[in-house]
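> Starting off with a structure, shown below.
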Amino acid sequence: MSSIKTLKNFLAITRHKSVAAAAREIGLTAAAAGQQLQQLEKEIGLELFDRTKRSLTLNAHGRSLIEPIQEIVARYEALRSNLQSNINGTIVLGALVSTLMGAFGKTLNEIKHNYPELEIKLIAGLSSNFLDQLIEGTLDAAIVTESPYALPQNVQWTELYKEPMILISPVSPSKSKSGASHTDPNLPFIRFERNTWTGHLVDQTIKANKLFIQEGMELNSVEAIIELVRQGLGYSIVPKLANISWENDRQLRIQDLPGKTIYRKVGLLERKKHGRQNITLAIKQHFLSSL
């Protein structure tokens, strides 16, 4: 029967889509990782990957085994965590780049300082993509915005903090005697990508405040949008990231929304059962206690 190490090797290969990369993660040689995969396939009696000279692609048999193997590993890790309280090992964590510029960035540094034996591997991306990667087993957890859709039954989301959605525009070179800055009413609206979770919040903010929008560009990066607004190329609605000194930014103007304030809620997305639950619990507890 396959060992836990063999099962972890399989999950690592599914995450990296590479035997060599998986071997580096779990501390094996590429040859040993390949042999463990072959051993698992031999015991099961099925090939789990479609192979070519240059690629390794998980097939239908392999995909069907991800969740049951994740549960086996999770149960084993839960037994082990009952015997040892140390937070160590590796967690593969997806994170929106904007959350690292928000409240989570500071908390992440504190977690790494408090748990020096814990290795956090960060993967940047979009919330909707992280959900798919989480289900596939590519990620252990992800820092994402709240989903506008119902989540699968085997996935849970825990709110960590929230940020108000704000209207930003460039500061005009000319100012009135009162010091109030003016913006060009013909500037285009720079929109966060519509089919993303944050994009849905932008639409919700526009509708709740009955704003008239002159459509312009569409991007999937809050940071890039802020920079384009600074350069005077348009105006936008973005979350008020915690680690940006908005009041001291001489190139940006934050405008009050005429109606309801909409909040971007940021939280931890994870499977209800997985092998890194002792780590995600520590992240949640540490983050919430630091607010």
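The values are calculated or read from the model by the stated rules, or taken from the named source; none is laboratory data. Just so it is clear, the structure is predicted and the values come from calculations on it, not from any experiment. Don't worry about glycine lacking a Cβ; one is built from the backbone with ideal geometry, like all the others, and counts go over all protein chains shown.
> Residues that are surrounded by fewer than 17 Cβ atoms within 10 Å (Cβ to Cβ) and either at pLDDT 85 or above or of a type in the set (F, W, Y) (or both): which strands (runs of 3 or more DSSP E) entirely in segment 77-158 hold 2 or more of them?
Those strands (runs of 3 or more DSSP E) span 118-124.
> Restricting the first residue to segment 212-233 and requiring it to be assigned by TED's automatic domain parsing to the domain that holds V171, which pairs with a second residue that is surrounded by 15 or more Cβ atoms within 10 Å (Cβ to Cβ) and at pLDDT below 90 meet a Cβ separation below 6 Å and a spacing of at least six or different chains?
Pairs found: V222/S98.
> Is it the case that segment 245-260 has a residue that's among the small types (G, A, S) and surrounded by 14 or more Cβ atoms within 10 Å (Cβ to Cβ)?
no
> Does at least one position in segment 223-231 carry a residue that is buried (at least 17 other Cβ atoms within 10 Å of the Cβ), closer than 30 Å to Q156 by Cα and within 17 Å of the chain's Cα centre (by Cα)?
Among the residues of segment 223-231, not one is buried (at least 17 other Cβ atoms within 10 Å of the Cβ), closer than 30 Å to Q156 by Cα and within 17 Å of the chain's Cα centre (by Cα), which makes the answer no.
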